[in-house]
1. Where residues in region 67-82 are over 16 Å from Gln41 (Cβ atoms) and either of a type in the set (D, E, K, R) or in contact (Cβ under 8 Å) with a residue 40 or more places away in the chain (or both), which of them is least open to solvent (accessible area, probe 1.4 Å)?
2. Can you list the helices (runs of 4 or more DSSP H) found entirely within region 19-123 that contain at least 2 residues being in contact with a Phe, Trp or Tyr (Cβ under 8 Å, 6 or more places away or on another chain) and at pLDDT 95 or above?
3. Residues to consider are Lys4, Lys28, Lys47, Lys57; find the one that is among the basic types (Lys, Arg) and open to solvent by less than 80 Å² (accessible area, probe 1.4 Å).
4. Mind counting the residues in region 31-44 that are open to solvent by less than 60 Å² (accessible area, probe 1.4 Å) and among the β-branched types (Val, Ile, Thr)?
5. Looking only at residues in region 37-50 that are of a type outside the set (A, V, I, L, M) and in contact (Cβ under 8 Å) with a residue 12 or more places away in the chain, which one is nearest to Ser73 (Cα to Cα)?
Amino acid sequence: QRLKAAVHYTVGGLCREVEEDKDVQFSKQSIAAIAEITFRQCEIFAKDLEMFARHAKRTTVTTEDVKLLSRRSNSLLKYITQKSEELASSNMEKKKKKSSAAKGERTGDQEADVTENEDSNMA
């Protein structure tokens with residue numbers, strides 16, 4: 001119920017933006033109808049995504065499932081693909097930073113071990 005209310009609120013805000021840009025008016029009934037259709041379509045999308053993952057014998061929905069869902073809208077598919085690639089490259093950079101930081105820590109630890117060994121040898 002709260003989710004449905006959030007969708008209705010968001011649709012109302014979007015309709016107000018369109019009203020300002022296009023100089024049109026939306027009745028409360030039309031906003032409610034758009035919100036209801038949007039909510040139902042989101043339910044359908046969720047079920048489809050679940051089925052795509054299940055078909056691939058997975059329990060997790062991936063970006064590939066979302067791309068498959070958006071295949072009928074070229075602009076949406078292009079946008080999702082672009083964002084997916086941006087996220088992937090961002091994650092790769094983070095992993096590189098973490099691995100290089102971890103290597104630096106290991107090198108520092110190894111140097112400390114060598115110093116301790118040299119000190120004990122001198123004694």
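1. Within region 67-82, the match that is least open to solvent (accessible area, probe 1.4 Å) is Lys67.
2. Helices (runs of 4 or more DSSP H) meeting the threshold: 63-69.
3. Lys4
4. Matching residues across region 31-44 total 2.
5. Checked region 37-50; the qualifying residue nearest to Ser73 (Cα to Cα) is Phe45.
The values are calculated or read from the model by the stated rules, or taken from the named source; none is laboratory data. These numbers come from a predicted model, not from an experiment. Glycine gets a Cβ as well: all are built from the backbone with ideal geometry, and neighbour counts include every protein chain shown. With ligands, DNA and RNA removed, areas are computed over all heavy atoms of the protein, side chains included. Shrake-Rupley method; radii C 1.70, N 1.55, O 1.52, S 1.80 Å.
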